[in-house]
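These notes concern the structure reproduced below.
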Amino acid sequence: MMATLYVASTETYVGKSAVCVGLLRRMQQDGFRVGYMKPVSVSVTHTPDAVLDEDAAFIRQTIGLDAPMEQVAPVLITPGVIESILRGQPHSFAKTLRDAYLAVSRQKDIVVLEGTNTWAEGALVDLTADQVTDMLQAPGLLVCRYTSTLSVDTILSVQRYVGDRLLGVLINQVEEPHREFVRNRVTPFLEGRGIPVLGILPRDRLLSGVTVNELAQHLGGQLIGRPEWGEKMLDSLMIGAMGAEASLSFFRRRANKAVITGGDRSDLQLIALQTSTNALVLTGNIRPTMQVMDRAAELEVPIILVADDTLSTVDRAERLFGRVRFHQEAKLRRFTELLDTHFDFDRLYRLLGLQIH
């Protein structure tokens with residue numbers, strides 16, 4: 001009897017791809033023959049040879065799957081596809097998906113399907129989360145981030161939407177202050193509503209942090225400093241835009257941070273360097289003064305020079321911090337450890353009707 005699991009979310013960057021890799025790795029370890037698919041891809045990368053979904057390609061390679069990419073990610077929503085749909089041209093994406101699923105699931109014990117980022121994605125091609133789970137009769141594991149009790153509203157509304165097909169939830173990236181509340185209040189409440197809570201994963205510094213090099217690359221900035229400083233970890237972002245006298249107590253609030261400020265604000269740059277700062281991001285393509293350069297070098301703090309203004313730099317940097325890039329073995333290993341410790345695999349297998357051989 002083959003099982004299918006649809007890993008769903010209602011927002012971006014909740015760690016859905018990482019959850020898929022973690023589940024697949026553990027299932028392989030437990031002796032199951034696994035398959036993986038991303039039924040609908042909306043974030044498509046163009047390479048010289050092909051158009052592909054990077055995360056799906058990475059997972060296929062990491063898990064060592066033999067199915068070709070056109071089966072692993074069968075429906076790629078490119079601008080050309082959108083254009084043809086809006087012009088009213090007929091399409092057969094449902095058939096493409098069904099054929100790919102039949103091929104991927106052949107001789108497998110379980111196939112893990114990675115869902116879209118939101119409930120609305122895929123509507124244009126009639127392949128939203130609920131349509132795909134309907135079509136493939138796949139129960140869903142909802143991955144969500146706990147930020148406040150509003151997260152409970154989201155989980156309940158998903159249950160209202162898909163009913164019994166919601167197999168359970170994995171609450172990811174739970175900050176330390178919320179952990180006890182989620183365990184003692186939220187979990188019993190959801191269980192009482194017939195929603196199994198299969199795991200509560202703490203927010204982890206290694207996973208949520210970003211290296212200076214990653215930030216510089218993402219912003220297309222120039223790095224000033226020694227190459228090895230680029231490996232420093234950044235835990236958070238702060239924006240320097242206030243008056244100098246207010247800034248010291250503000251910058252002291254966070255450790256191991258990146259401070260984004262105008263290249264002409266040397267007063268703020270020097271104050272940021274008095275606190276636990278792992279990188280200065282200077283906007284407007286303005287080089288820092290010699291005084292700032294010397295102080296940063298003394299403290300081994302790298303400087304990233306970017307051409308954009310402060311607001312758009314903050315906007316782009318926040319997008320990078322919001323997502324866990326799991327394409328690094330160290331991060332993957334750490335995430336797998338967290339799952340092993342905090343996720344109830346036995347219960348998942350029971351709910352899916354799987355038996356460890």
What Kirkwood Rh does the chain have if only Cα atoms enter the pairwise 1/r average? Answer in Å. 22.3 Å
Compare the Cα positions of Ile82, Leu198, Thr47 along the charge dipole of the chain (+1 at Cβ of Lys, Arg; -1 at Cβ of Asp, Glu; about the Cα centre) and return the one farthest towards the positive end. Leu198
extent check for the range 189-324: Cα max minus min per principal axis, descending, whole Å, gives 62, 32, 27
Antiparallel content of DSSP bridges confined to the range 251-357, in %, to 5: 0 percent
Heavy-atom accessible area with a 1.4 angstrom probe orders Phe343, Phe58, Phe189, most exposed first, as Phe189, Phe58, Phe343
Test item: Cα-centred dipole of the range 82-139, Lys/Arg +1 and Asp/Glu -1 on Cβ, debye: 240 debye
Can you give me the angle between helix 93-105 and the longest principal axis of the chain, using Cα atoms only, in degrees from 0 to 90, rounded to the nearest 10? 80 degrees
In the chain, what percentage of the DSSP-assigned beta bridges are antiparallel, given to the nearest 5? 15 percent
Could you give each residue of the range 112-129 its phi-based ³J(HN,Hα) in whole Hz, using Karplus coefficients 6.51, -1.76, 1.60 with θ = phi - 60°, and x for Gly or Pro? 9, 9, 8, x, 6, 6, 9, 5, 8, 4, x, 4, 4, 9, 6, 9, 6, 3
Using a 1.4 Å probe on heavy atoms of the protein chains only, the accessible area for His46 in Å², nearest 10, reads 120 Å²
Name the lysines eligible as straight-distance cross-link partners of Lys108: C-alpha to C-alpha under 20 Å, and not fewer than 8 places from it in the same chain. Lys38
Fraction of beta bridges assigned by DSSP in the range 1-116 that are antiparallel (%, nearest 5): 15 percent
Below 8 Å, C-alpha to C-alpha, sequence gap of six or more: please give me the relative contact order for the chain in percent. 18 percent
With N set to the number of residues, divide the alpha-carbon radius of gyration of the range 147-256 by 2.2 N^0.38 Å and report two decimals. 1.51
Can you list the lysines whose alpha carbon is less than 29 Å from that of Lys232, not counting same-chain residues fewer than 8 positions off? Lys16, Lys257, Lys331
Stokes-Einstein D for the range 1-124, Kirkwood Rh over Cα pairs, 25 °C, 0.890 mPa s (µm²/s): 163 µm²/s
Roughly what percent of Cα-Cα pairs across the range 118-196 reach past 16 Å? 52 percent
Under 5 Å between amide hydrogens, which residues at least 5 positions from Gly240 or on another chain qualify, with H placed 1.01 Å from N in the peptide plane? Ile260, Thr261
Keeping all protein chains in place and using 1.4 angstrom, which order do Arg253, Arg165 fall into by accessible surface area, from largest down? Arg253, Arg165
Tyr13 - accessible surface, heavy atoms, 1.4 Å probe, Å² rounded to 10: 80 Å²
With each run of n ≥ 4 DSSP H residues scored as -39500 (n - 2.57), what mean residue ellipticity at 222 nm is computed for the chain after dividing by its residue count and rounding to the nearest 500 deg cm²/dmol? -12000 deg cm²/dmol
Quick one: what are the phi-derived ³J(HN,Hα) couplings along the range 273-281, Karplus 6.51/-1.76/1.60 with θ = phi - 60°, whole Hz, x for glycine and proline? 6, 7, 10, 6, 10, 9, 6, 10, 10
Determine the sum of side-chain charges near Leu348: Lys and Arg each +1, Asp and Glu each -1, restricted to other residues whose C-beta is under 11 angstrom from that of Leu348. 0
Could you work out the per residue convex hull volume over the alpha carbons of the range 250-357, in cubic angstrom? 159 Å³
Spelling out what I want: for every residue of the range 148-154, take phi, set θ = phi - 60°, compute 6.51 cos²θ - 1.76 cosθ + 1.60 (Karplus), and round to whole Hz; glycine and proline get x. 7, 5, 4, 4, 5, 4, 4
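The values are calculated or read from the model by the stated rules, or taken from the named source; none is laboratory data. Just so you know, these numbers come straight off a predicted model, no measurement behind them. Counting neighbours? That spans all protein chains shown, and the Cβs are built from the backbone with ideal geometry, glycine included. Note: areas computed on protein heavy atoms with side chains; ligands, DNA, RNA excluded. Shrake-Rupley method; radii C 1.70, N 1.55, O 1.52, S 1.80 Å.
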